[in-house]
Structures are given as structure tokens and as C-alpha cells.
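The values are calculated or read from the model by the stated rules, or taken from the named source; none is laboratory data. Since the model is a prediction, treat every value here as computed from it, not as a measurement. We place every Cβ from the backbone using ideal geometry, glycine too, and count neighbours over all the protein chains shown. The area values use the complete protein model at the heavy-atom level, side chains included, leaving out ligands, DNA and RNA. Shrake-Rupley method; radii C 1.70, N 1.55, O 1.52, S 1.80 Å.
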Amino acid sequence: MKYLLIVFLGLVMTACSGNYKVKQEASKNNDMLKEVPKWFVVKPVSKNYMYGSGVATSPDLNLAIKKANLIAKAEIADIINGEMNERATFFSTEVGRDKGKTTVQEFDRTIVNVISKTAVVGYEIAEQEIFTTAFDEYRVYILIQFSYDDQNKLWEKIINDSVSQINTTAIKDANIKAIDKEYIDTYNKIITKE
């Protein structure tokens, strides 16, 4: 009975410590991807979390995971603190003479997405899938979730850090100098009137 219990526990421990099965994504003849995780295409919707997803490839599994994670965190940072800037230019001119005139036009539109310094701390990996590619690389899909509560805590920390960085001594000294100057100016006006 004792041996049976040891064998049973060994099987349970082996099952619990199992390896992640890496999936093959495409054949060697350069097929297009036939399947990606559904959560990568259609992110979950939640009242408690915002989601960011990332995908990356590398011959090094750890590097592929790090790159995908970084892309997902950048997506969260964009949701929190992204700013869009657009510039459009239009150029039009006439070329030629008399009835042979023609118009040449050019249009250029540039959109820039700027993400200022944004801390994304306290996120969790919600989903992760790993594939091997036809080119002997790993393709990693990651979905991270960032709690709205953590975002609120982050904003509180940013505000508190900003307040603690205010140099109250310099503000006090500047106010004293302004008051002293005002006092001296007022004193000088009184003296010059007498």
C-alpha cells in the first residue's frame, strides 16, 4: 500500500510539473499562418482590466517572450498616456502653357503616436502561446492585463512623487525675495515722497 501511494504521488507530481507543449505554426513551404489565438485578435472586455497584446519572433525563446511582453506593455502605455499628432500637407501647381496646362497635386499625411514616460507596473500575463515557425524560430503571443485599480494606484504614486519633488525651500526663498522687494520698493516710494 505504501508503494502504491508513492507511485501515485510520483505520477501526480509529474503531471503537475509538466512541460508546455510548443505548437508548430506552419509547414516548411512558407505557408501563411492558419491560426492565431482568438484573444490576440479580439481582446477580452472587462470592467476591471485593460488589455494589451504583443507578438514577437526570435530563435531565442526568452528573447521572443521579452519582445512580445514589451510590445504588449507599450500597448497598455498607449491606452493610458498615448497622444496622437497629425500633420497634413497639400501641394498643387499648374504646369504648361495655354490649353496644354495640367495640374500636379501632391498630398502627404503623417500621423505620429507619442507615448510619454508611462509606468506600467503591476500587470499580469493573462494568456501566452508559443509556436515554432518554419524558419526555426519561436513566435510568442502574449496578452497582459492591467487592473484599473493598479492604474489608479499608479496615478496616486505619480502625484505623490511629483508633490515630494517640489522644492518648497526654493519657493519659500523666492516668495521672501518678492516680499522683500515689494517692501523695499514701497519703503523707497515713501522716502522719496518725503
In the list K117, K73, which residue meets the criterion of being modelled with pLDDT under 85 and outside any strand (DSSP E or B)? K117
If I125 satisfies every condition in (1) of a type in the set (A, V, I, L, M, F, W, C); (2) assigned to a strand (DSSP E or B); (3) surrounded by 12 or more Cβ atoms within 10 Å (Cβ to Cβ); (4) more than 18 Å from the chain's Cα centre (by Cα) but one, which is the exception? (4)
Taking the stated definitions as given, is T89 more than 24 Å from the chain's Cα centre (by Cα), open to solvent by less than 70 Å² (accessible area, probe 1.4 Å) and more than 23 Å from Q24 (Cα to Cα)? yes
Output for the stretch 98-122, where each listed residue is open to solvent by less than 60 Å² (accessible area, probe 1.4 Å) and free of Cβ contacts under 8 Å to residues at least 12 places away in the same chain: G100
List every residue pair whose Cβ atoms lie under 6 Å apart, where the two residues are 6 or more positions apart in sequence or sit on different chains, the first residue falls within the stretch 51-73 and is farther than 15 Å from W39 by Cα, and the second residue, located anywhere, is assigned to a helix (DSSP H, G or I). A56/A64; A56/K67; A56/A68; T57/A64; S58/A64
Which members of the stretch 44-70 meet the condition of being surrounded by fewer than 17 Cβ atoms within 10 Å (Cβ to Cβ), more than 20 Å from A134 (Cα to Cα) and not polar (S, T, N, Q)? P44, V45, K47, K66, L70
On the basis of being at pLDDT 85 or above and either on the phi > 0 side of the Ramachandran plot or in contact with a strand residue (DSSP E or B) (Cβ under 6 Å, 6 or more places away or on another chain) (or both), does I111 make the cut? no
Checklist (1) open to solvent by 90 Å² or more (accessible area, probe 1.4 Å); (2) outside any helix (DSSP H, G or I) applied to N160, failing item: (2)
